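Right, one structure below, let's go through it.
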Amino acid sequence: MKKILGWIPALVVCGGVLFITQRFMSARHPQEPIQKMTRFLMDTYCIMQVPGDASVRDSMTQAFDRLEEIDKKFNALNPTSPVYRFNHENSPITDPEIVGLVQTALDVSAKSDGALDITVFPLVDLWGFYGSTPHLPGDGKIQACLKHVGWKNLAIEGGKLIKHRPDMALDFGAIAKGYGVGEAVKVLKNCGIRSALVDAGGDLYMLGTRYGKPWHVGIREPRGTGVFGGMKLTDRSMATSGDYERYFIKAGVRYHHIFDPKTGYPAHGLISATAITPDPTLADAYSTALFVLGAERALKLVATTPDLECVLVTEAGRVLISPRLQKSMAMTDLTLAGQTGK
Ligand code: AMP
Ligand code: MG
């Protein structure tokens, strides 16, 4: 029997990165107030924290409004979005913002040998991950579906996005949250804010410092509820993709929402992949790509990509940290003993 686990908790807990700054917050340091706001957007809880008094809250509201705009525009299930029309009516996309994000996704597809592929919509749909009851489809259906997937069949010509096959469709789930975080940070900066922590369900940006100290963030244990390592970051983004966010278990096998576009099945090898880089859009795109690539290929990609670092957790529970990051990381506990079950 199909058993769905993790769906609701994933939405409630939101994403792979948890703050460990919380316990140092304003209650214990009344002289260092932090404003915190939360909105449910992009299918997850988005949290913003800005050091300062209540006067910063207007700016935070504006940043959230921008995030909401992006949520609507890039949501493939929103009938008023150009993405929806592109998917269902094959009408080209001319909106420069969407075309720009597609270009970024295509660049990462090229660099990751197609591990990131925003044309996975038909697969995600077939497996039922847009609804509340995902399920294991027959292999024949999966193979047939793969014919409709392939980033190389997208083209940007004269600023317009077109598809070479009418049955293709876009899913921005792997990149839009990171883009939204970056745009929200731009709004905050335009409002004169120099320090903030913006989290869209595990896609984070740490702007400036928290009263002079770097933001201290942790990565969620993939099979637990705590964090397994801490990092001090400033002007950096960090995004985690994990097999625990949306999944179901059938006959003892975990099937999750991040697909290997070459096989049509959920990617295996890693249970969590965190990307750290200055640009939140790229952090999001790479976290998904690294997850799909698996440990060996992911580490190779990171080694040849400037300004990209990673923390990976394998199915066997090993934590792998990119060599450049090892020096700067303050991992509090690298062992995930007993955490690697389905
Ligand atoms: P993330 O949590 O950023 O790794 O994004 C996962 C979401 O991206 C999934 O829920 C799907 O909507 C979509 N997705 C799944 N597999 C892929 C893939 N290989 N490339 C691009 N998008 C994907
Ligand atoms: Mg992603």
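The values are calculated or read from the model by the stated rules, or taken from the named source; none is laboratory data. Note that the structure is a prediction, hence the values are computed from the model and not measured. No Cβ is skipped: glycine too gets one built from the backbone with ideal geometry, and neighbour counts run over all protein chains shown. Calculation scope for accessible area: heavy atoms of the full protein, side chains included, ligands and nucleic acids excluded. Shrake-Rupley method; radii C 1.70, N 1.55, O 1.52, S 1.80 Å.
If I filter the stretch 209-228 down to residues being in a strand (DSSP E or B), away from ligand 2 (no atom under 16 Å from the Cβ) and open to solvent by 20 Å² or more (accessible area, probe 1.4 Å), which single residue comes out as farthest from residue 60 (Cα to Cα)?
Applying the filter and picking the extreme gives 227.
Does residue 327 satisfy the criteria of being assigned to a helix (DSSP H, G or I), among the basic types (Lys, Arg) and at pLDDT below 95?
In short, yes.
Go through the stretch 243-269 and count every residue that is more than 11 Å from ligand 1 (Cβ to nearest atom) and open to solvent by less than 10 Å² (accessible area, probe 1.4 Å).
1
Inspect all residues belonging to the stretch 82-92 and state whether any of them is without any contact (Cβ under 8 Å) to a residue 40 or more places away in the chain, within 16 Å of ligand 2 (Cβ to nearest atom) and under 22 Å from the mean Cα position of the chain (by Cα).
no
Exactly one condition in (1) away from ligand 1 (no atom under 16 Å from the Cβ); (2) surrounded by fewer than 18 Cβ atoms within 10 Å (Cβ to Cβ); (3) touching a residue at least 24 places away in the same chain (Cβ under 8 Å) is false for residue 153; which is it?
The failed condition is (1).
Of all residues in the stretch 25-82, how many are of a type in the set (D, E, K, R) and open to solvent by less than 80 Å² (accessible area, probe 1.4 Å)?
Number satisfying all stated conditions: 8.
Which one of the conditions (1) in a helix (DSSP H, G or I); (2) open to solvent by 50 Å² or more (accessible area, probe 1.4 Å); (3) within 10 Å of ligand 1 (Cβ to nearest atom) does residue 130 fail to meet, given that it meets all the rest?
Result: residue 130 passes all but (1).
Name the residues in the stretch 302-326 that are aliphatic (A, V, I, L, M), open to solvent by 20 Å² or more (accessible area, probe 1.4 Å) and more than 18 Å from residue 242 (Cα to Cα), would you?
Passing the criteria: only 303.
When both residues are 6+ apart or on different chains and their Cβ atoms are under 9 Å apart, which pairs have a first residue that lies in the stretch 226-252 and is on the phi < 0 side of the Ramachandran plot, and a second that is basic (Lys, Arg) and assigned to a loop (DSSP other than H, G, I, E, B)?
244/223; 248/2; 249/2; 249/342; 250/2
Among the residues of the stretch 289-296, is any within 15 Å of the chain's Cα centre (by Cα), not in a strand (DSSP E or B) and not aliphatic (A, V, I, L, M)?
yes
Quick test for you: out of 116, 136, 170, pick the one residue that is farther than 30 Å from residue 62 by Cα, within 11 Å of ligand 1 (Cβ to nearest atom), in contact (Cβ under 8 Å) with a residue 60 or more places away in the chain and not basic (Lys, Arg).
116
Any idea which of 206, 168, 231, 238 is of a type outside the set (Lys, Arg), in a loop (DSSP other than H, G, I, E, B) and open to solvent by less than 10 Å² (accessible area, probe 1.4 Å)?
Residue meeting the stated conditions: 168.
What do you reckon, is residue 202 on the phi > 0 side of the Ramachandran plot and in contact (Cβ under 8 Å) with a residue 60 or more places away in the chain?
When the stated conditions are applied, residue 202 passes them.
Name the residue, out of 102, 185, that is buried (at least 19 other Cβ atoms within 10 Å of the Cβ), under 18 Å from residue 44 (Cβ atoms) and more than 11 Å from ligand 1 (Cβ to nearest atom).
Every option except 185 fails the conditions.
Could you give every pair whose Cβ atoms fall below 6 Å, whose first residue belongs to the stretch 289-305 and is at positive phi and away from ligand 1 (no atom under 12 Å from the Cβ), and whose second residue is part of a loop (DSSP other than H, G, I, E, B) and open to solvent by 70 Å² or more (accessible area, probe 1.4 Å), counting only separations of at least 6 or pairs across chains?
So the pair list comes out empty.
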